[in-house]
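Just below is one structure, and these are the notes that go with it.
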Amino acid sequence: MIRVLIADDHKVVRQGLRFLLSSEPGIEVAGEAADGVAALAAIRDIRPDVVLLDLFMPRLDGLAVLAAMRDQRLTAAVLVLTSSADDQHLVEAIKAGALSYLPKTAGVDQVVDAVRAAARGESVLQPAATARLLRELRHAAADPLGQLTPRETDVLKGLAQGRSNREIAKALSVSEETVKSHVSSILAKLGLADRTQAAIFALQHHLVPLDQALGP
């Protein structure tokens, strides 16, 4: 039996997916979550095999949930089901650990097949999404900083200045948990091991002047 968690902030979407998946043999909807924090708690408690994850949710977005799952070594397979057709979101989701990425306009059979594939550890991407992913990965290889969102770049600058998560959070008016998720995402995207390597990377790429490094 494939146990599925549905994480989406729209109740009608959750209801539709529950109806769709519950009618499929060998699939059980084990739970639902309406925001990222609830999704993360449910993943820890329910231990689903597959998570259907929306990218745009309150409190923690889908990318932050993926980053937290990686940090906490939560092994559920993630199928991103989203309204976003943005190349950057696709690349970020796959690099953060999502196995598959489908639009919410995907057909019933596509969603069910993707859930079954995710349970087997297999990825499913539509041809157009695959082309976008390859294009963006080529671009990222040429411009590593281009992989980061503007907010992640701000966090990276804070790391280079030797600021703590609390200090960065206060400067950016976000929560410490959000900063922690951004740090995890930065390390994953840039292939770095820790905050020190991230700070050195930022200095090498001239994100902050040397006189601002490792302290105000």
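The values are calculated or read from the model by the stated rules, or taken from the named source; none is laboratory data. What you see is a predicted model; the values in this text were computed from it and never measured. No Cβ is skipped: glycine too gets one built from the backbone with ideal geometry, and neighbour counts run over all protein chains shown.
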Does Gly191 satisfy the condition of being closer than 20 Å to Gly97 by Cα and free of Cβ contacts under 8 Å to residues at least 24 places away in the same chain? yes
Can you confirm whether Val155 is at pLDDT 90 or above, touching a helix residue (DSSP H, G or I) at 6+ places or on another chain (Cβ under 8 Å), under 20 Å from Leu40 (Cα atoms) and not polar (S, T, N, Q)? no
What are the residues in the stretch 156-201 that are of a type in the set (S, T, N, Q) and surrounded by fewer than 16 Cβ atoms within 10 Å (Cβ to Cβ), if any? Ser164, Ser173, Ser175, Thr196, Gln197
From Thr75, Thr82, grab the single residue that is in contact with a helix residue (DSSP H, G or I) (Cβ under 9 Å, 6 or more places away or on another chain), within 22 Å of Pro103 (Cβ to Cβ) and not basic (Lys, Arg). Thr82
Does the stretch 183-206 contain any residue that is more than 22 Å from Gln72 (Cα to Cα) and at pLDDT below 75? no
Does Val65 satisfy the criteria of being hydrophobic (A, V, I, L, M, F, W, C) and either closer than 27 Å to Leu148 by Cβ or not assigned by TED's automatic domain parsing to the domain that holds Asp109 (or both)? yes
Return the residue satisfying two criteria in turn: it lies in the stretch 97-114 and is farther than 14 Å from Asp54 by Cα and aliphatic (A, V, I, L, M), and of such residues it is surrounded by the fewest Cβ atoms within 10 Å (Cβ to Cβ). Val108
Looking only at the stretch 87-115, and only at residues there that are touching a residue at least 60 places away in the same chain (Cβ under 8 Å) and not small (Gly, Ala, Ser), the one that is nearest to Asp45 (Cα to Cα): Val115
Look at Ala30 and say whether it is part of a strand (DSSP E or B) and hydrophobic (A, V, I, L, M, F, W, C). yes
Considering each residue of the stretch 1-28, count those that are touching a Pro at 6+ places or on another chain (Cβ under 8 Å) and farther than 19 Å from Ala41 by Cβ, and give that number. 0
Scanning the stretch 72-86 residue by residue, the ones that are in contact (Cβ under 8 Å) with a residue 24 or more places away in the chain, surrounded by 12 or more Cβ atoms within 10 Å (Cβ to Cβ) and more than 11 Å from the chain's Cα centre (by Cα) total 7
Going through the stretch 165-180 in order, the residues found to be more than 20 Å from Arg70 (Cβ to Cβ) and outside any helix (DSSP H, G or I) are Ser173
